[in-house]
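> Take a look at this one; I'll ask things after.
The values are calculated or read from the model by the stated rules, or taken from the named source; none is laboratory data. Given the structure is predicted, the values throughout are model-derived calculations rather than measurements. Glycine gets a Cβ as well: all are built from the backbone with ideal geometry, and neighbour counts include every protein chain shown. SASA here: full protein model, heavy atoms, side chains in, ligands and nucleic acids out. Shrake-Rupley method; radii C 1.70, N 1.55, O 1.52, S 1.80 Å.
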Amino acid sequence: MSVCVCVCVCGGASVNRCSGESTMGFSELLHTIGGMGNFQILQTALIMFPTILITCHNFLQNFTAMTPEHHCRPVNWTNGSQVPGGVRDGDLLRVFIPLDKDQKPERCLRFSEPHWQILNLNGTSSLNLDTEGCLDGWVYDQSVDSSIVSEWDLVCDHKSLKSIAQSIYMTGQLVGAIIFGIFSDRYGRKRVLQSATVQMIAVGLGAACAPGFPAYCAFRFLSGMAMTGIIVASLCLTMEWTPTQRRTLVNTYAMYMITLGQVILSGLAYFIRQWRWLQGTVSVTYVIILLYSWGLPESACWLVTHNKLDMAVKNLRAVARLNGRKEQGRKLTPEVVSFHMQEDTAAVKESPFFLDLFRTPGLCKVTCCIALGWFSAGFSFYGLALDLQKFGFNIYGVQMLFTVMDLPTKLLAGLSMGYFGRRITVVSLLLLASCMILVTTFVPQDMNTFQMILCLFGKGSLAGCFSCLYLYTMELFPTEIRQIGMSAGIFSTRLGSLLAPLIYILGSHSPVLQPVMFGLMPILAAIAASFLTETNNQPLLDTIQETEKRMKMAHDKKRNISENTTKNGLVSLLSEMTKVEGKV
């Protein structure tokens with residue numbers, strides 16, 4: 001018995017498999033109303049604001065939590081009335097503060113009482129002098145403007161609080177990925193974008209006015225939640241209005257805007273040295289997103305899959321007018337759209353849930369593999385990017401250098417995705433990053449420049465990997481759970497970025513642990529990514545059933561390849577699998 005199946009996909013053609021007749025799917029609807037027209041170009045241009053501002057918040061603590069040079073406040077010292085004549089300021093400090101192995105003042109110790117006899121000696125190594133902690137606080141280098149470290153004394157026994165503050169912010173992103181992901185698939189991309197933006201403005205300004213460290217951490221947690229809601233909603237909204245052939249280009253543009261955000265942050269931090277003003281400036285600019293979001297139409301793809309056909313047709317007609325296809329837009333009616341997308345609107349659940357990511361075996365494999373890729377990229381990327389002061393160079397210059405390195409790697413990643421495919425690009429970048437990071441394990445500690453160069457290449461490779469993962473994830477998951485799938489990826493990378501600062505704390509006890517941990521995770525992720533299906537030039541799927549069918553077809557093709565080919569190595573095998581899956 002023959003069965004007629006009409007499969008409609010957002011981004012691909014609908015095919016009547018009973019008669020072989022092609023019908024108009026969402027990709028053709030977009031093409032009819034202008035394809036990559038004026039509306040799509042404008043929407044793509046506007047995505048620069050959320051991506052730039054999100055980046056500023058992610059790396060903000062590199063500048064608001066800078067650790068200036070510091071030493072204990074000298075004991076029983078309020079003025080210079082007791083200073084013997086002819087004593088210089090540098091020598092005076094030696095009377096109160098012991099020197100470390102580099103002949104610099106100890107940061108966390110002081111003499112329990114002044115020792116003027118030290119001025120007549122070459123050093124203190126032969127002396128057994130009593131020391132104590134910084135009971136009266138610290139003195140900070142005044143050439144470095146205020147930060148949360150100097151304002152709340154996050155040094156010495158409390159230095160781990162700096163890393164914990166960053167982890168709390170990342171925890172907020174992790175929680176936001178779950179909450180806003182579910183809300184976005186249930187209530188729409190636009191509504192989540194607006195609500196998350198309002199939250200970001202409020203709590204960002206709250207962090208700038210925080211009276212103490214606990215309040216600051218609470219506001220940063222809420223900022224992390226809002227940040228995730230903004231980025232996943234804005235990216236999904238943009239991609240679901242973008243024709244299939246232009247998705248890679250739009251994704252590459254968004255990734256470059258993230259890099260531009262790091263450049264802008266470096267410039268802002270250079271000119272705004274007070275951490276409260278810097279925090280407030282970055283937060284208040286989210287008003288721009290709130291203003292233009294009111295004019296954005298909700299994703300027609302989301303509306304169709306949730307049986308909101310009248311609103312979908314209204315938005316499609318509005319986009320058609322902006323693209324100069326008013327007549328074509330008039331021909332669209334709820335009946336026409338419903339006819340071509342009837343099966344998909346019936347198959348999509350009204351209220352998707354996180355467990356839907358594991359509903360079928362194929363989807364479960366996709367979820368686990370892509371989640372490991374996101375986790376590894378976030379874990380190692382932020383492990384390198386949030387510890388720039390360790391190189392001992394100017395923080396503004398190092399931040400700019402690490403940012404500029406992202407440009408060529410993202411360009412190569414975009415070209416590779418289009419030519420070799422998504423999967424082989426992700427695997428290659430993860431392996432390259434792993435090699436760069438692991439090599440630093442064998443580099444002597446005094447070779448700071450060489451270590452920084454290796455970390456530059458490692459961080460750049462991971463930045464390129466991120467640009468692949470954003471697009472790859474949206475293409476692997478169907479429309480009905482795409483936002484939840486994207487949120488699962490963001491959740492995983494935030495879990496990795498949450499753990500990265502905690503590795504700094506462990507690294508202070510075992511320095512080799514830090515590069516080993518950051519280097520091994522990308523290898524595991526590369527192995528997992530090799531089991532994913534290729535999506536290059538493939539349509540966006542709407543339903544879980546379509547996704548499972550594609551996974552089974554790809555699995556059958558791979559099994560045929562393994563039976564008919566010899567083992568030629570991982571790269572050649574992936575290339576052959578990519579060509580075959582391009583026909584699925």
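> Just to be sure I understand, how many residues within the range 297-318 are modelled with pLDDT under 85 and under 30 Å from the mean Cα position of the chain (by Cα)?
Within the range 297-318, residues that are modelled with pLDDT under 85 and under 30 Å from the mean Cα position of the chain (by Cα) number 8.
> Sticking with this one: Filter the range 251-277 for residues that are farther than 22 Å from Met486 by Cβ and aromatic (Phe, Trp, Tyr) and give the result.
Of everything in the range 251-277, those that are farther than 22 Å from Met486 by Cβ and aromatic (Phe, Trp, Tyr) turn out to be Tyr270, Phe271, Trp275, Trp277.
For every residue, the table says whether it meets (1) in contact with an Asp or Glu (Cβ under 6 Å, 6 or more places away or on another chain); (2) modelled with pLDDT of 80 or more; (3) assigned to a loop (DSSP other than H, G, I, E, B).
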residue	(1), (2), (3)
Gln43	no, yes, no
Pro68	yes, yes, yes
Gly80	no, no, yes
Gly86	no, no, yes
Val95	no, no, no
Glu113	no, no, yes
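> Quick one: in the range 179-197, which of the residues that are of a type outside the set (Asp, Glu), more than 19 Å from His57 (Cβ to Cβ) and part of a helix (DSSP H, G or I) is most open to solvent (accessible area, probe 1.4 Å)?
Arg191
> Under 9 Å between Cβ atoms, at least 6 apart or on separate chains: pull out the pairs that start in the range 398-424 with a residue that is farther than 20 Å from Gly373 by Cα and end on any residue that is polar (S, T, N, Q) and surrounded by fewer than 17 Cβ atoms within 10 Å (Cβ to Cβ).
Val398/Gln389
Conditions (1) in contact with a Gly (Cβ under 8 Å, 6 or more places away or on another chain); (2) aliphatic (A, V, I, L, M); (3) at negative phi; (4) outside any helix (DSSP H, G or I), marked per residue:
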| site | (1), (2), (3), (4) |
| --- | --- |
| Gln245 | no, no, yes, no |
| Tyr253 | no, no, yes, no |
| Val263 | no, yes, yes, no |
| Tyr270 | no, no, yes, no |
| Arg276 | no, no, yes, no |
| Gly280 | yes, no, yes, no |
| Ser283 | yes, no, yes, no |
| Ile289 | no, yes, yes, no |
| Trp302 | yes, no, yes, no |
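> Right, next: Report, by residue number, each residue of the range 302-342 that is more than 21 Å from Arg189 (Cβ to Cβ) and β-branched (Val, Ile, Thr).
Thr333, Val336
> Here are the criteria: (1) among the β-branched types (Val, Ile, Thr); (2) open to solvent by 10 Å² or more (accessible area, probe 1.4 Å); (3) under 20 Å from Ala529 (Cβ atoms). Tell me which single one Ile490 does not satisfy.
Result: Ile490 passes all but (2).
> Listed residues Gly421, Gly397; which is over 20 Å from Tyr504 (Cα atoms), open to solvent by less than 70 Å² (accessible area, probe 1.4 Å) and out of contact with any helix residue (DSSP H, G or I) (no Cβ under 6 Å at 6 or more places or on another chain)?
Just one listed residue meets the conditions, Gly397.
> I'd like the residue in the range 207-221 that is in contact (Cβ under 8 Å) with a residue 40 or more places away in the chain and outside any helix (DSSP H, G or I) and, out of all such residues, is farthest from the chain's Cα centre (by Cα).
Among those residues, the one meeting the criterion is Gly212.
> Inside the range 530-543, can you point out the residues that are of a type in the set (A, V, I, L, M, F, W, C) and at pLDDT 80 or above?
Those that are of a type in the set (A, V, I, L, M, F, W, C) and at pLDDT 80 or above: Phe531, Leu532.
> Given the criterion over 30 Å from Leu303 (Cβ atoms) and touching a Ser or Thr at 6+ places or on another chain (Cβ under 6 Å), identify the matching residue among Pro444, Pro501, Pro511, Pro478.
Pro501
> Still on this structure: Within the range 436-464, track down each residue that is surrounded by 14 or more Cβ atoms within 10 Å (Cβ to Cβ) and free of Cβ contacts under 8 Å to residues at least 12 places away in the same chain.
Within the range 436-464, Val443, Ile453 meet the criteria.
> Another one. With the requirement that a residue be open to solvent by 10 Å² or more (accessible area, probe 1.4 Å) and either under 21 Å from Ser293 (Cα atoms) or among the aliphatic types (A, V, I, L, M) (or both), what does the range 244-279 give you?
Leu249, Tyr253, Met257, Ile258, Leu260, Val263, Ile264, Leu268, Ile272
> Before we move on, is Gln538 in a loop (DSSP other than H, G, I, E, B) and either open to solvent by 10 Å² or more (accessible area, probe 1.4 Å) or of a type in the set (Gly, Ala, Ser) (or both)?
yes
> Still on this structure, I have one more. Search the range 543-557 for residues that are farther than 15 Å from Ile481 by Cβ and pair each with any residue that is at pLDDT 75 or above and open to solvent by less than 20 Å² (accessible area, probe 1.4 Å) when their beta-carbon atoms are under 6 Å apart and the residues are at least 6 apart or on different chains.
Ala554/Thr533
> Kindly indicate the residue of the range 495-515 that is open to solvent by 10 Å² or more (accessible area, probe 1.4 Å) and within 13 Å of the chain's Cα centre (by Cα) and also modelled with the lowest pLDDT among those meeting that condition.
If we take residues in the range 495-515 being open to solvent by 10 Å² or more (accessible area, probe 1.4 Å) and within 13 Å of the chain's Cα centre (by Cα), then Leu498 is modelled with the lowest pLDDT.
> Which of (1) within 17 Å of Ile41 (Cα to Cα); (2) small (Gly, Ala, Ser); (3) part of a helix (DSSP H, G or I) does Gly295 not meet, given it meets every other one?
The single condition Gly295 does not satisfy is (3).
> Go through the range 127-176 and count every residue that is of a type in the set (Val, Ile, Thr) and either in a loop (DSSP other than H, G, I, E, B) or under 15 Å from Leu60 (Cα atoms) (or both).
Final tally of qualifying residues: 6.
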